[in-house]
Amino acid sequence: MIVQTPLDPADQQLLDGVLGGSRRDVARVITLLESALPEHRRRADVILQALIGYTGKSLRLGISGVPGAGKSTFIESLGVLLLSMGHRVAVLSIDPSSSVTGGSILADKTRMPRLASSEGAYIRPSPSSGTLGGVAAATREAVLVCEAAGYDVVMVETVGVGQSESAVTGLTDLLLVLQVPNTGDELQAIKRGLLEVADLIVVNKCDLDAGAARRAAAQMQAARRQSIRCISALANIGLAELWTDITQLQSLRAANGELRAKRQRQNVEWLWELMRAGLEQRLRRDPSARAMVAEAEAGVHASRLEPRATATALLDRFTRMR
Ligand SMILES: Nc1nc2c(ncn2[C@@H]2O[C@H](COP(=O)(O)OP(=O)(O)OP(=O)(O)O)[C@@H](O)[C@H]2O)c(=O)[nH]1
Ligand SMILES: [Mg+2]
């Protein structure tokens, strides 16, 4: 049913560039897949399909925490440590609330100066919300491109508040939540259900008040029945030990099959997400659908037509039109 299109020379060159680890070609492909232009979309589809055999080999780590918790500082410090261990590190961010992009490029890169100037690292800000399937879909696809380029650790920083944690769990293997002591965040996190979705929790900024950090950790430890590390992203305390925790958890899940099952589940969810988004886009844009959609909208708007029956009739007609 799905026909694989051969790559034209320009796309083949991009693909070879990505597979050869070229940061510039990684950026170009991600730009294509974030584009709303149908021609870019088509090229991105073909390139992604061709890349798929080279993906899946990284540790996909989501980083969450309230604004100011130290996520960017943490990614910078851990990233530099990982580079020194011989890893290649990609940093992506996801901000479902952002409708503009561009401004954040500078902000992200200046917050991660050492990573930004390292050959072995690639930093990409959150896409804008105009992409097919939304910001999370574009970020997920960017993860795949980074993996094909040989980045073996991909960190995704959640930016903004609200839906970003649930978005990031759909595209990462592990979610790490950064907490800070003395802010009541322990309770906020419990309320928001963040503790349930977090795979690892750490208390950051332990350099400021080690006692307060230990108390915050103890409080959460009681709720989680899991040891909570105190770290300092800024003073580089506890990061090597935390990295050991992370890799051990990942290895355990790889060995018991949980990792594979999670990624399979995520992929099927993405398929549905993209089909939903694509169907809506077609209904809104397809010239042959537009007239009947406008008619249905007008009827529903005027309370002449009932939404449920109208939607069914419209979808019936639309699928017959194919
Ligand atoms: N003392 C101390 N300060 C820290 C630590 N980690 C981060 N900070 C400081 O906390 C502030 C916020 O850090 P960021 O890394 O920008 O925090 P963030 O979570 O990325 O913030 P947003 O992206 O705005 O949500 C900065 O001034 C950092 O220098 C730490 O371990 N100790
Ligand atoms: Mg940040």
Item to complete: Please list, ordered by first then second residue, the pairs with beta carbon atoms under 7 Å, 6 or more apart or interchain, first in the stretch 1-27 and small (Gly, Ala, Ser), second at pLDDT 95 or above.
Response: 17/25; 21/149; 21/150
Fill in: Positions within the stretch 285-309 being more than 19 Å from residue 320 (Cβ to Cβ) and of a type in the set (Gly, Ala, Ser), in sequence order
298, 299, 302, 303
Worksheet, complete the sentence: The residue that is surrounded by the fewest Cβ atoms within 10 Å (Cβ to Cβ), considering only those in the stretch 66-98 that are more than 11 Å from ligand 1 (Cβ to nearest atom) and hydroxyl-bearing (Ser, Thr, Tyr), is 84
Worksheet, complete the sentence: Checking 236, 256, 267 in turn, the sole residue that is of a type in the set (S, T, N, Q) and touching a residue at least 60 places away in the same chain (Cβ under 8 Å) turns out to be 236
Worksheet item: Considering only residues of the stretch 243-252 that are surrounded by 15 or more Cβ atoms within 10 Å (Cβ to Cβ) and aliphatic (A, V, I, L, M), which is nearest to ligand 2 (Cβ to nearest atom)?
Response: 246
Fill in: Filtered residues of the stretch 56-88 (kept if within 15 Å of the chain's Cα centre (by Cα) and away from ligand 2 (no atom under 16 Å from the Cβ))
56, 58, 59, 60
Fill in: Filtered residue count, the stretch 190-235, keeping only those that are of a type in the set (S, T, N, Q) and either within 16 Å of ligand 2 (Cβ to nearest atom) or under 25 Å from the mean Cα position of the chain (by Cα) (or both)
2
Response to the item:
All-but-one check, residue 21 against (1) surrounded by 14 or more Cβ atoms within 10 Å (Cβ to Cβ); (2) at pLDDT 95 or above; (3) part of a helix (DSSP H, G or I); (4) over 20 Å from the mean Cα position of the chain (by Cα), failing number (3)
Response to the item:
Quick count over the stretch 223-242, residues being within 23 Å of residue 70 (Cβ to Cβ) and surrounded by fewer than 17 Cβ atoms within 10 Å (Cβ to Cβ), is 9
Worksheet item: Got a number for residues in the stretch 253-289 being over 26 Å from residue 172 (Cβ atoms), among the basic types (Lys, Arg) and loosely packed, with under 13 Cβ neighbours inside 10 Å?
Response: 2
Worksheet item: Looking at residue 43, is it among the basic types (Lys, Arg), crowded, with 17+ Cβ neighbours inside 10 Å and closer than 30 Å to residue 237 by Cβ?
Response: no
Worksheet item: Out of the stretch 9-40, which residues are of a type in the set (Asp, Glu) and under 24 Å from residue 150 (Cβ atoms)?
Response: 11, 16, 25, 34
Discussion item. For the stretch 254-292, which positions are among the basic types (Lys, Arg) and under 23 Å from residue 141 (Cβ atoms)?
Written reply: 260, 262, 263, 265, 276, 282, 284, 285
Fill in: Failed item in (1) among the β-branched types (Val, Ile, Thr); (2) surrounded by 18 or more Cβ atoms within 10 Å (Cβ to Cβ); (3) more than 21 Å from residue 143 (Cβ to Cβ), with residue 29 passing the rest
(3)
Practice prompt. Give the stretch 201-232 a look and list any residue that's more than 17 Å from residue 175 (Cα to Cα) and in contact (Cβ under 8 Å) with a residue 40 or more places away in the chain, or say none.
Written response: 205
Worksheet item: Among the residues of the stretch 49-64, is there at least one that is over 25 Å from residue 201 (Cα atoms) and either crowded, with 18+ Cβ neighbours inside 10 Å or within 14 Å of ligand 1 (Cβ to nearest atom) (or both)?
Response: yes
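For (1) closer than 16 Å to residue 81 by Cβ; (2) out of contact with any strand residue (DSSP E or B) (no Cβ under 6 Å at 6 or more places or on another chain), each residue gets a yes or a no:
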| residue | (1), (2) |
| --- | --- |
| 202 | yes, no |
| 212 | no, yes |
| 223 | no, yes |
| 228 | no, no |
| 236 | yes, yes |
| 245 | yes, yes |
| 253 | no, yes |
| 272 | no, yes |
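The values are calculated or read from the model by the stated rules, or taken from the named source; none is laboratory data. This one's a predicted model, so the numbers in the text were calculated from it and none came from an experiment. Cβ sites come from the backbone with ideal geometry, for glycine too, and all protein chains shown count toward neighbours.
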